[in-house]
Amino acid sequence: MDTQPTFRSWVKPSEVFERGRSLRAQVPLELHDHDPLGSGRPSAVEFVRASNQPRLPELTPLRVGRMLASPFAFYRGSAGLMAADLAATPTSGVTAQICGDAHAANFGLFGTNEGRIIMDINDFDETVPGPWEWDLKRLAASLVLAGREGGVSEDGCAKAAEDCVRAYRKTMARLAEMPFLEAWNALADAASIGKLKADELLDDFEKASKKARKNTSAKVAAKWTADGGFVEDLPVLRHVTSETARSVTDGLADYVGTLRESRRGLITRYAVADVAFRVVGTGSVGLRNYLVLLHGNEDDALVLQVKQAAPSCLEQYLDVPPHEHEGKRIVDGARLVQAETDLLLGWTTVDGRHYIVRQFRNMKGDIDPTALRKDHLDDYGRLAGALLARAHCRSADPRLLSGYLGDDEELDEAVGRYAVRYADTAEADHEELVVAVRRGELDAEIEDRD
């Protein structure tokens with residue numbers, strides 16, 4: 001990925017494809033149907049305790065409580081545990097910029113700079129260069145868990161996982177034949193869903209799109225602020241000290257320099273009105289996360305999220321050098337993987353800690369995979385698999401990957417079987433957590449969701 005370009009030699013696409021196909025002799029596709037458990041993996045309780053260490057202690061019971069909700073909820077918060085399981089498994093040797101936590105709920109809707117609603121991977125906290133297989137297997141297993149939670153039959157869950165892999169493989173084959181620029185700029189919108197034969201999902205996408213269009217800074221300001229500042233909504237949203245507010249505001253000055261040059265003049269037209277602390281989702285509960293209210297033109301409001309960036313939980317299992325700034329790692333990964341990134345995505349440092357900065361709401365939305373019926377889950381799996389292929393082709397040559405993936409169903413079936421067994425593993429891990437909380441070994445705070 002970092003080789004020095006020469007622009008002096010052209011390689012026939014067929015030769016690149018053949019190099020990929022030759023990798024199958026070293027790592028046959030059938031080897032991706034492997035034992036779900038890694039030999040050196042910690043127990044579920046050991047993992048939760050270790051991953052709680054860098055977090056705010058007062059919020060770790062809330063994190064445990066959220067992971068208790070279901071096996072899928074546990075899975076969402078345990079990317080590092082799956083990385084331990086995948087660490088010694090067979091890989092083709094082809095490296096891509098991976099999401100690192102490509103479960104089914106980490107694909108979402110958001111608005112482009114032109115106002116289109118598209119769907120893409122939307123979480124890059126764990127992104128690093130690594131085996132593309134890790135993302136694909138994490139996605140496939142998550143579909144099984146989401147389907148089980150939603151009451152989909154075992155056959156339906158297994159089919160969603162298998163079809164996800166099939167869509168990844170077929171999309172990679174199409175990308176391998178496309179002009180480079182066309183493949184690079186491929187977007188996922190309602191038209192793309194139709195091409196994937198995911199018609200059952202169109203209604204879900206349109207409903208989510210309508211909600212996403214209303215999900216803006218203006219709506220946040222109208223709902224969460226009064227008299228020029230945030231209104232507390234404990235325990236999720238709370239005021240911060242004047243010292244913390246000053247530190248976060250000072251951090252925005254450095255953030256400006258991380259934006260694309262054409263956007264720096266835009267953000268500096270705004271002025272900070274207030275800063276608040278907000279608890280974030282399952283995987284990031286306990287990390288520092290601030291919302292910044294900025295005033296613009298007349299009643300114009302902008303809400304930025306300043307979210308703490310911890311080291312990727314995958315790094316200890318991969319041969320990647322340490323990063324000077326974890327926020328930059330996340331932003332660089334997002335800019336490489338996403339078809340279109342947030343206009344105001346950047347990074348900064350606050351009180352010695354690394355953060356990413358982005359719009360809190362820029363027409364963001366989601367489709368809950370646990371609420372999808374059988375045909376809808378299957379369509380969602382195909383869409384997510386296709387999106388993952390497009391994401392990986394930006395850093396790994398799709399011709400090379402397509403050569404390895406092949407044109408039959410051997411990989412689909414191998415990863416599909418693995419996904420079902422790994423879902424069983426996640427359910428056992430979740431049960432271990434439930435027992436530990438029941439015995440008083442871990443504190444858990446259960447939220448009132450009414």
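The values are calculated or read from the model by the stated rules, or taken from the named source; none is laboratory data. All of these numbers come straight from a predicted model, not from anything done at the bench. In this analysis, Cβ positions are derived from the backbone assuming ideal geometry, glycine residues included, and neighbour counts consider all displayed protein chains.
General observations
- Being basic (Lys, Arg), under 27 Å from Trp184 (Cβ atoms), in contact with a strand residue (DSSP E or B) (Cβ under 8 Å, 6 or more places away or on another chain) and assigned by TED's automatic domain parsing to the domain that holds Arg263 is a property that does not hold for Lys307.
- Checking each residue of segment 433-444 against the condition of being farther than 30 Å from Pro179 by Cβ, touching a residue at least 24 places away in the same chain (Cβ under 8 Å), acidic (Asp, Glu) and not in a helix (DSSP H, G or I) gives at least one match.
- Some residue of segment 30-44 being of a type in the set (Gly, Ala, Ser), modelled with pLDDT of 95 or more, assigned to a helix (DSSP H, G or I) and within 30 Å of Gly406 (Cβ to Cβ): no
- When each of Val27, Val48 is tested for being modelled with pLDDT of 95 or more, hydrophobic (A, V, I, L, M, F, W, C) and more than 30 Å from Glu432 (Cα to Cα), the lone residue that passes is Val27.
- Every condition in (1) modelled with pLDDT of 95 or more; (2) under 30 Å from Arg19 (Cα atoms) holds for Ala386 except the one numbered (1).
- Single condition Ala221 does not satisfy, out of (1) within 18 Å of Asp351 (Cβ to Cβ); (2) in a helix (DSSP H, G or I); (3) more than 24 Å from the chain's Cα centre (by Cα); (4) in contact (Cβ under 8 Å) with a residue 12 or more places away in the chain: (1)
- Index of the failed condition, Glu324 passing every other in (1) surrounded by fewer than 19 Cβ atoms within 10 Å (Cβ to Cβ); (2) within 17 Å of Gln359 (Cβ to Cβ): (2)
- Those residues of segment 239-257 which are surrounded by 12 or more Cβ atoms within 10 Å (Cβ to Cβ) and either in contact with a Lys or Arg (Cβ under 7 Å, 6 or more places away or on another chain) or among the hydrophobic types (A, V, I, L, M, F, W, C) (or both), in sequence order: Val240, Ala245, Val248, Leu252, Val256
- Any chance Asp33 is crowded, with 16+ Cβ neighbours inside 10 Å, of a type outside the set (Val, Ile, Thr) and more than 29 Å from Ala334 (Cα to Cα): yes
- Residue selected from segment 316-332 under the condition closer than 13 Å to Pro129 by Cα and of a type in the set (A, V, I, L, M, F, W, C), by the criterion nearest to the chain's Cα centre (by Cα): Ile330
- Meets criteria (of a type in the set (Asp, Glu) and farther than 29 Å from Ala141 by Cβ) for Glu15: yes
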